[in-house]
1. Just from its helices, what would the mean residue ellipticity at 222 nm be for the chain, if runs of 4 or more DSSP H residues each count -39500 (n - 2.57) and the sum is divided by every residue, rounded to the nearest 500 deg cm²/dmol?
2. Could you please tell me the mean projected area of the C-alpha convex hull for segment 82-148, averaged over all directions and given in square nanometres to one decimal?
3. State the extension gain, in nm to one decimal, for the chain segment bounded by LEU35 and ASN124, taking 0.36 nm per residue of separation less the distance between their alpha-carbons.
4. Can you compute the modelled spin-label distance between GLN106 and VAL175, with each label point 7 Å from Cα toward Cβ, in nm?
5. What's the ranking of 184-192, 31-39, 159-167, 66-74 by average number of surrounding C-beta atoms within 10 Å, highest first?
6. Once amide H atoms are placed 1.01 Å from N in the peptide plane, what residues at a sequence separation of 5 or more from ILE77, or on another chain, have their amide H within under 5 Å of its amide H?
7. In whole percent, what relative contact order does the chain give with Cα contacts below 8 Å and a gap of six or more residues?
8. With angles folded into 0 to 90 degrees, how steeply does helix 174-188 sit against the dominant principal axis of the chain? Use alpha carbons for both and round to 10.
Amino acid sequence: MTISLKAHGQTPGDASADQMRLMADLAERYGYGELRISHEQNVILPHVARADLPAVHAELLRAGLATANVGLLSDIIACPGMDYCALATARSIPIAQELATHFQAQGLEQDIGALKIKISGCINACGHHHVGHIGILGLDRAGVENYQITLGGDGTETAAIGERAGPGFAYDEVVPAIDRILRAYLDLRTDGQESFLQAYRRLGAQPFKIALYGEGARDAA
Ligand code: SF4
């Protein structure tokens, strides 16, 4: 089973000492003493018997470790960015936190469904933004944070590098920009079964560029 370390509004991938002790204890009691840290910044607790899942879930719930968002919008990979990394050109973590809380407040996360947002705070790309369905790359533009958005990336067997959507956005513009992309997706998808990536592959970048930049993007596309 996957234990999400992506509670809405918290730093993606962080766990307290108490939470880590609990997960280690659960691995001893319900698994084979094994935990794995995924590149998605979550924890895998393998070998748990199906019958033990309710008991494990109850303990995770008490410890604030039962956020049911694995594979959804707020299950964001974010690098340390400007908050912790000396190489950073922009913040990553606060963008992830604000995206998670924004869409939680909008009540749209479950409706949007499967989505991988990945954020890097510089071109070293530790957040794997190139392969995010929506990638966010924080850069420095004349001393001010500026964020490039890429669309259509995929890190699975159907791998693809995301396509840069267009000019970057200021820090405060990033969440509204992602909101416009995802509302366009909700309007354009065939039904709730068509994921963002599937819709992007069917429709191409243009409708999402128009959502981002307005009708002027139609001529440029
Ligand atoms: S992508 Fe850049 S800012 Fe983020 S952890 Fe890597 S080196 Fe640091």
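Since every read-out is calculated from the coordinates, none of them should be taken as a lab result. Since we're looking at a predicted model, the values are computed, not measured. Heads up, the Cβs are rebuilt from the backbone with ideal geometry, glycines too, and the neighbour counts pull from every protein chain shown.
1. Details: 9 runs with 82 residues, N = 221.
Calculated at 222 nm, the ellipticity per residue is -10500 deg cm²/dmol.
2. Details: hull surface 19.0 nm².
Over every viewing direction, the Cα hull of segment 82-148 projects on average to 4.8 nm².
3. Working: separation 89, 0.36 × 89 = 32.04 nm, distance 2.80 nm.
Roughly 29.2 nm would be gained on extension.
4. 1.1
5. On the way: 184-192: 14.2, 31-39: 12.0, 159-167: 16.3, 66-74: 18.2.
Final packing ranking: 66-74, 159-167, 184-192, 31-39.
6. ILE117, ILE119
7. Details: 415 pairs, mean separation 30.5, N = 221.
The normalised contact order for the chain reaches 14 percent.
8. 90
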